[in-house]
1. Taking 7 Å along the Cα-to-C-beta vector as the label spot, tell me the D44-Q88 distance in nanometres, rounded to one decimal.
2. Hey, what number do you get for the chain at 222 nm if only DSSP H runs of n ≥ 4 count, each worth -39500 (n - 2.57), divided across all residues, to the nearest 500?
3. Determine which residues of the range 4-37 fall in the zone a paramagnetic label at A287 would reach in this model, i.e. backbone nitrogen under 14 Å from the point 7 Å along Cα→Cβ.
4. Calculate, for L257 and R134, the FRET efficiency according to 1/(1 + (r/R0)^6) with r their C-beta to C-beta distance and R0 30 Å; round to the nearest 0.05.
5. Dipole magnitude of the range 50-184 about its Cα centre, charges +1 at Lys/Arg Cβ and -1 at Asp/Glu Cβ only, in debye to the nearest 20?
6. Filter the GluC sites (Glu not before Pro) in the range 241-276 to those in DSSP coil with at most 14 other Cβ atoms within 10 Å of their Cβ, and list the result.
7. In whole percent, what relative contact order does the range 171-301 give with Cα contacts below 8 Å and a gap of six or more residues?
8. Could you give the length gained on full extension between L187 and D268, defined as 0.36 nm per residue of separation minus the Cα-Cα distance, in nm?
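The values are calculated or read from the model by the stated rules, or taken from the named source; none is laboratory data. If you're wondering where the values come from, they're calculated on a predicted model, not measured in any experiment. Glycine also receives a Cβ, built like all others from the backbone with ideal geometry; neighbour counts cover every protein chain displayed. Surface accessibility is based on the protein's heavy atoms, side chains included, excluding ligands, DNA and RNA. Shrake-Rupley method; radii C 1.70, N 1.55, O 1.52, S 1.80 Å.
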Amino acid sequence: MKLLQIDGGDKPVILLFGLGLIGGAVDRALRLRFGARGVEFPYDWHDAPRRRAQADAIAAALPPRLPVALVWAGGQSGFGSDQAQMRQETALVEELIRMAQALRRDRPVDFHMISSAGGLFESQTHCSSATRPRPLRAYGAGKLAQEQALARAEGLDRRHVYRPSSVYGATRSKRVGLVAALVANGLTGRTTRIFGNPNTLRDYVLADDIGHYIARRIAAPEDRAEMQVLLLARGRPASVFEVIERVRERVERPLLLQFDPHPSNMQDMSFLPSALPADWQATSLVAGISRIATMARSGLA
């Protein structure tokens, strides 16, 4: 995890758990846009006694009296995770909620949770703000359980749940999505295996857009007591075929593709623009893919 501090009087100290695709984007936005300085602390996902000692060390490192924003952007789960894996991740989230509640005894504490629109709304199209989650997999059910745990939490100041749709971006992680895989493999001549079909519709959103949005809400929080649940998407779905063509145009090389004969990720999903937050802006797919291709060519991704 990473502890970040924004310069300035009463700006919050950020406890960022998870530095993957979205967590890394939040970290970059806090440092580049808000001048935050950070230091990393160990936090062992698998060893509970060690994790308790590490949590005590993190709490001891906090400057006195300053507000805290705890951000959950971690977890090792994915669409293929089973119930046992999701129960383990949810237990970790509940530990962090209890940590936030303990810190609240002597300072304001906000909680920011990254959930998953893909896990909650798989196979649902034209989703509005009134559409209810209907998870089809253990992954989605686990994400919904984590949201419910935060909804039940008492004593915290502001609680935010972010539901990003299909996230893409530059990452050094081994777990990459369709866009990053197509770009990287296109530039190196490798084959990309696709677990959907050419007509599968998804709503692709750039990780840096999410990072900037969450960082802004951390640095300048609203005065709202109720838990906010925010869908982060573009409001315009794209087919797998369209994504392939946009990547092909940007890398200017032939793409080697292998479609899985028994695709496990082929359900359509889409969201109405009216379901998105009024202060949210999303980069177009063409511009986002161009950014990823530029970063890949320069060795930054």
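1. Here the answer is 1.4 nm between the modelled labels.
2. Estimated from H runs of four or more residues: -12500 deg cm²/dmol.
3. No residue qualifies, since no backbone N sits under 14 Å from the label point.
4. 0.45
5. Charge dipole of the range 50-184: 120 debye, to the nearest 20.
6. Filter output for the range 241-276: E252.
7. Values: 166 pairs, mean separation 55.3, N = 131.
Taking the mean separation of contacting Cα pairs over the length of the range 171-301, I get 42 percent.
8. Details: separation 81, 0.36 × 81 = 29.16 nm, distance 2.82 nm.
So the extension gain works out to 26.3 nm.
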